[in-house]
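Novice: I'd like to ask some things about the structure below.
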Amino acid sequence: MASAFLARREAVEKIDGLDERFFVFFGDVDLCRRLKEAGLRIAFVPEVKFFHQRGGSTRQMGVAFYFSSHFGFYRYLWKWANPLQKPLLLLLWPLVFLTAVGRAVTAALSRR
């Protein structure tokens, strides 16, 4: 989760910062991948304690949360796919969209 992500300024500048095409989801995954490909080290420090009010921001998104999360995942796959994989991803796009719609509808109905 990027809610507790720390990075050196030099490292982030080396890879030209965050990819702004990722709105909320998968920007952290993309950032880690680019840092690793740039030869930089990524570490997880389990001793560090951090309180994160899960859903504090995403709860405000309502059903847009589902579209943003699914499309972020798809955008990540598209960005890193090789030319041979992209036709398959185009075929999967309707499934990604329909899954987001289904999850959004289910969430909206469960709130009633």
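The values are calculated or read from the model by the stated rules, or taken from the named source; none is laboratory data. If you're wondering where the values come from, they're calculated on a predicted model, not measured in any experiment. Note that each Cβ is placed from the backbone with ideal geometry, even for glycine, and that neighbours are counted across all protein chains shown.
Novice: Scanning region 46-78 for residues that are surrounded by fewer than 13 Cβ atoms within 10 Å (Cβ to Cβ) and in contact with a helix residue (DSSP H, G or I) (Cβ under 7 Å, 6 or more places away or on another chain), which turns out nearest to ALA107 (Cα to Cα)?
Specialist: Looking at the filtered set, the residue picked out is HIS52.
Novice: If you don't mind, there's one more thing I want to ask. Could you please find all residues in region 18-65 being modelled with pLDDT under 80 and assigned to a helix (DSSP H, G or I)?
Specialist: THR58, ARG59, GLN60, MET61
Novice: Please identify the pairs in which a residue from region 42-59 that is under 24 Å from VAL12 (Cβ atoms) has its Cβ atom under 9 Å from the Cβ atom of a residue that is at pLDDT below 75 and part of a loop (DSSP other than H, G, I, E, B), counting only partners at least 6 apart or on another chain.
Specialist: If the second residue must be at pLDDT below 75 and part of a loop (DSSP other than H, G, I, E, B), the pairs left are HIS52/MET1.
Novice: Looking at (1) of a type in the set (A, V, I, L, M, F, W, C); (2) within 28 Å of ILE15 (Cα to Cα); (3) modelled with pLDDT under 90, which is the only condition ALA107 fails?
Specialist: For ALA107, the failing item is (2).
Novice: Have a look at ALA43, ALA81 and point out the one that is at negative phi, over 14 Å from the mean Cα position of the chain (by Cα) and surrounded by fewer than 10 Cβ atoms within 10 Å (Cβ to Cβ).
Specialist: Exactly one residue qualifies, and that residue is ALA43.
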